[in-house]
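The values are calculated or read from the model by the stated rules, or taken from the named source; none is laboratory data. As the structure is a computational prediction, the values presented were derived from the model and not from experiment. Don't worry about glycine lacking a Cβ; one is built from the backbone with ideal geometry, like all the others, and counts go over all protein chains shown. Keep in mind that these areas ignore ligands, DNA and RNA; they rest on the heavy atoms of the full protein, side chains included. Shrake-Rupley method; radii C 1.70, N 1.55, O 1.52, S 1.80 Å.
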Amino acid sequence: MKVLFVSYEVYPIAKVGGLADVAGSLPKYLKELGVEIDLLMPFHKSIDRNLAIRMDKHIKTRFVKREFSFDVSRMELPKSDVNVFLFDNERLMDSEEIYGASDFGLQAMCFSDAASGFAVEQGYNIVHLNDWQTGLIAVYLKHSEAECKTVFSIHNLAYQGSYGKEYLDLSGIDENYWNEISEEGKINFLKAGLVFSDKLSTVSPTYAKEIQTKEYGAGLENILSRRRSDLVGILNGIDYNEYDPERDGRLWTNFCQDNIESKKSNKANLQQLLGLPKKDDALIGLISRLVDQKGLDLIEDIKDELMKLPVQIVVLGTGESKYEDMFKMLQKNYPEKVAARLTFDLDLAQKIYGGADMFLMPSRYEPCGLGQMFAMRYGTIPVVRYTGGLADTVHEFDPENNGNGFGFVEYSAEKLLEALKKALSVYNQPELWKKAVRNAMRQDFSWGVSATNYLSLYKKILEASSDA
Ligand code: ADP
């Protein structure tokens, strides 16, 4: 089985968000399961040219009305033997930002056209597409009448890639497809992927159900519901070798389930680093893009109440200025309680996962969420809104001492405050708290199970095509 995994981001080569983490780890695990898998990504301008070897190979667009040619380079995904192919075209990749090209729609379209040609030429059985930038690959493969099958993975339905009708004319895609691949008078790259791929997946079972509803479907709930028998939710994993509290060099003191007492020294060091007083109050971490999706308006609504509780809060994130300002202001007014670090800092992130007591993630929606998984791996108890992947990974700590976190269902500030108070009452009973921490650390969020689920999906597609 030969699989081409196509993604705009691959960690550690180019990363903006969670997609990079998935693309940089899942293929390694699939390869260990015996899948012949290669990665394909754009050779973004920000990627060091010395990292890859230029091949004597060029791939031309076949359908787009203006011809573009991509130079093909190759490298190995660090710490693995997975091949990464990179497509370069200076004119199309004209920005230092991964998603910043002057004509991003044209770039994604040409990349998809060329990727489909490459997949056919190289004889891949399956092309695994990720997010809207790769959606048109499914249509171009259909146009090629290729044998090659497609899986489309949705990492976030809110980003869809909508462009004016002139992009359909430019794309060389059959005009008759217009209704199927457009929304509100615009070509919609994500919808194209959803309509034309053989199988669909998303990154958690709960999100797979939610996106079939109006509340979460971002306008595409009908197509998703129509295709529900082809849609599965497979939970993302995290790389257990890279993120291990027993060996992580970014922590002050390493620890494991059997000596969670050592976690305390990380808390004390973290408080010192942040300039917070060394107190036993619960230290709550929040590491996030500061955007509406993450439920930060709920925190805004309870901020006065929150400041009356015996807690300290550390925020690490960047994003919308209204949220950055809110956390700056809280830090200014409550310097003994709040530390706001409005930057992107992977080292500090690990120190927070390792040193905080609780991890706050009250998301409005959350396709999978990695933060809560890192937190639990490092013995930090999540307090979340039970939605999407948060509902699949966090389970309420109960009087029988089962469960690994605390949460609420209804999107309301009052419910968030209740959940926090519940978490605090258990925190104040150290023996109980230790049980919750152990439960959290015992969870297995490694890629093992999920990679096997992807493999089954690939096999199902190929079996169906050989039966046909
Ligand atoms: P999303 O993909 O919606 O941003 P996830 O929880 O799936 O949310 O993944 C976010 C990842 O990015 C996590 O690994 C988190 O630790 C990391 N992250 C987010 N903001 C920052 C930041 N400011 N500094 C360091 N890491 C961050």
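Numbers below:
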| quantity | calculated |
| --- | --- |
| Residue identified as more than 16 Å from the ligand (Cβ to nearest atom), outside any helix (DSSP H, G or I) and at pLDDT below 95 among K45, K57, K79 | K79 |
| The one condition in (1) at pLDDT 95 or above; (2) within 30 Å of L194 (Cβ to Cβ); (3) in contact with a strand residue (DSSP E or B) (Cβ under 6 Å, 6 or more places away or on another chain) that N222 fails to fulfil | (3) |
| All positions within region 354-398 that are away from the ligand (no atom under 16 Å from the Cβ) and either more than 27 Å from F255 (Cβ to Cβ) or not assigned by TED's automatic domain parsing to the domain that holds N266 (or both) | none |
| Region 39-59, residues that are in contact (Cβ under 8 Å) with a residue 12 or more places away in the chain and surrounded by fewer than 20 Cβ atoms within 10 Å (Cβ to Cβ) | K45, S46, L51, A52, I53, R54, M55, K57, H58 |
| Single residue of region 1-42 satisfying the filter (part of a loop (DSSP other than H, G, I, E, B) and hydroxyl-bearing (S, T, Y)) that is nearest to the ligand (Cβ to nearest atom) | Y11 |
| Enumeration of residues in region 244-292 that are open to solvent by 20 Å² or more (accessible area, probe 1.4 Å), of a type in the set (S, T, N, Q), in contact with a Lys or Arg (Cβ under 7 Å, 6 or more places away or on another chain) and in contact (Cβ under 8 Å) with a residue 40 or more places away in the chain | Q257, S288 |
| Residues (polar (S, T, N, Q) and more than 16 Å from the ligand (Cβ to nearest atom)) located in region 317-346 | N333 |
| Condition met for S456 (within 30 Å of E32 (Cα to Cα), open to solvent by 10 Å² or more (accessible area, probe 1.4 Å) and not charged (D, E, K, R)) | yes |
| Number of the condition not met by V409 [criteria: (1) assigned by TED's automatic domain parsing to the domain that holds M307; (2) among the hydrophobic types (A, V, I, L, M, F, W, C); (3) closer than 30 Å to F152 by Cα; (4) open to solvent by less than 90 Å² (accessible area, probe 1.4 Å)] | (4) |
| Options G448, G389: the member that is within 17 Å of I238 (Cα to Cα) and in contact with a Ser or Thr (Cβ under 6 Å, 6 or more places away or on another chain) | G389 |
| Residues of region 293-323 satisfying the condition of being polar (S, T, N, Q), open to solvent by 10 Å² or more (accessible area, probe 1.4 Å) and assigned to a strand (DSSP E or B) | T318 |
| Selected residue (only one of L86, L106, L92 is closer than 22 Å to Y140 by Cα, open to solvent by less than 40 Å² (accessible area, probe 1.4 Å) and part of a loop (DSSP other than H, G, I, E, B)) | L92 |
| Test for L283: is it in a helix (DSSP H, G or I) and either more than 16 Å from the ligand (Cβ to nearest atom) or over 17 Å from Y353 (Cα atoms) (or both) | no |
| All positions within region 316-331 that are under 21 Å from the mean Cα position of the chain (by Cα) and aliphatic (A, V, I, L, M) | L316 |
| Qualifying residues in region 60-79 (those that are hydroxyl-bearing (S, T, Y) and in contact with a strand residue (DSSP E or B) (Cβ under 7 Å, 6 or more places away or on another chain)) - the one least open to solvent (accessible area, probe 1.4 Å) | S73 |
| Residue list for region 132-154, filter: within 16 Å of the chain's Cα centre (by Cα) and either surrounded by fewer than 24 Cβ atoms within 10 Å (Cβ to Cβ) or hydrophobic (A, V, I, L, M, F, W, C) (or both) | W132, F152, I154 |
